[in-house]
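Remarks on the structure that follows.
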């Protein structure tokens, strides 16, 4: 019995003094849409208890700011508070249709075991591309995921381009591609689902001088998925 206890103590001491194994990952994001832009992205590694958004729940104030105006500073604060790692704005601006950007993250232990991605979809009222806290693969190699566009549920999708973007201010901030019209009366005047949900896409129309939408259905119409994410996991290393 004494020998058995000593063996356990010895094993525990070895485990306690073992170096922390870490690894580098590269996260590649590609915009799969034809006419929608992603505002500066937040690519974050964090613990399993942290969620920057969750489908079926009410959007946080910080998520609302990101989804309605592309402001990710509050979400960055959430990641920092959780002890996570992140790359903000890896594309150094908007990520246009067909474009790809990548971010490198240093993964170490349970505090960085999950991956999240968020960026506003332009032109929308409160749409965003999102990846919600997936478990980062441990196996070395290439891992591919398709991402949906989500609706924060915080604003009616009126599709009126008016420079809005602050939380509580209706309207679409802008169309980076410059294909929007003007003088729209609005598509929807209320949000039926006030929780985060899968976005139904843009309705649009073909009237550039009126109609119900300022968005051009021939350019801005999109369906899910809106992005492809490729995670490249490197070799584990000793950080001791």
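The values are calculated or read from the model by the stated rules, or taken from the named source; none is laboratory data. It should be emphasised that the depicted structure is a prediction, and the values quoted were computed from it without experimental measurement. Don't worry about glycine lacking a Cβ; one is built from the backbone with ideal geometry, like all the others, and counts go over all protein chains shown.
Only one of 198, 229 is surrounded by fewer than 14 Cβ atoms within 10 Å (Cβ to Cβ) and either under 21 Å from the mean Cα position of the chain (by Cα) or closer than 22 Å to residue 52 by Cβ (or both); which?
198
Which of the following residues is assigned to a loop (DSSP other than H, G, I, E, B), over 15 Å from the mean Cα position of the chain (by Cα) and crowded, with 16+ Cβ neighbours inside 10 Å: 90, 97?
97
Is it fair to say residue 118 is in contact with a helix residue (DSSP H, G or I) (Cβ under 9 Å, 6 or more places away or on another chain), without any contact (Cβ under 8 Å) to a residue 60 or more places away in the chain and surrounded by 15 or more Cβ atoms within 10 Å (Cβ to Cβ)?
Here the answer is no, as residue 118 does not meet what is asked.
Given the structure, is residue 207 more than 21 Å from residue 142 (Cα to Cα), modelled with pLDDT under 95 and surrounded by fewer than 19 Cβ atoms within 10 Å (Cβ to Cβ)?
Considered against the rule, which asks whether it is more than 21 Å from residue 142 (Cα to Cα), modelled with pLDDT under 95 and surrounded by fewer than 19 Cβ atoms within 10 Å (Cβ to Cβ), residue 207 comes out as no.
Limited to the range 51-70, what total is found for residues that are in contact with a helix residue (DSSP H, G or I) (Cβ under 8 Å, 6 or more places away or on another chain) and surrounded by 22 or more Cβ atoms within 10 Å (Cβ to Cβ)?
Residues flagged as in contact with a helix residue (DSSP H, G or I) (Cβ under 8 Å, 6 or more places away or on another chain) and surrounded by 22 or more Cβ atoms within 10 Å (Cβ to Cβ) within the range 51-70 amount to 6.
Residues of the range 127-138 being at pLDDT 95 or above and either under 12 Å from residue 41 (Cα atoms) or surrounded by fewer than 24 Cβ atoms within 10 Å (Cβ to Cβ) (or both), which ones? Walk me through it before giving the result.
Our first condition is that a residue be at pLDDT 95 or above; within the range 127-138, this holds for 127-136.
128, 129, 130, 131, 132, 133, 134, 135, 136 - these are the residues of the range 127-138 that are at pLDDT 95 or above and either under 12 Å from residue 41 (Cα atoms) or surrounded by fewer than 24 Cβ atoms within 10 Å (Cβ to Cβ) (or both).
This table checks each residue for (1) under 22 Å from residue 55 (Cα atoms); (2) surrounded by 15 or more Cβ atoms within 10 Å (Cβ to Cβ).
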| position | (1), (2) |
| --- | --- |
| 125 | yes, yes |
| 153 | yes, yes |
| 156 | yes, yes |
| 175 | no, yes |
| 193 | yes, no |
| 214 | no, yes |
| 224 | yes, yes |
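Test each condition in (1) surrounded by fewer than 18 Cβ atoms within 10 Å (Cβ to Cβ); (2) out of contact with any helix residue (DSSP H, G or I) (no Cβ under 9 Å at 6 or more places or on another chain); (3) within 30 Å of residue 214 (Cα to Cα) for residue 144 and report the one that comes out false.
(3)
Does at least one position in the range 3-17 carry a residue that is modelled with pLDDT under 95 and either assigned to a loop (DSSP other than H, G, I, E, B) or crowded, with 18+ Cβ neighbours inside 10 Å (or both)?
Looking for residues that are modelled with pLDDT under 95 and either assigned to a loop (DSSP other than H, G, I, E, B) or crowded, with 18+ Cβ neighbours inside 10 Å (or both), one finds at least one in the range 3-17, hence yes.
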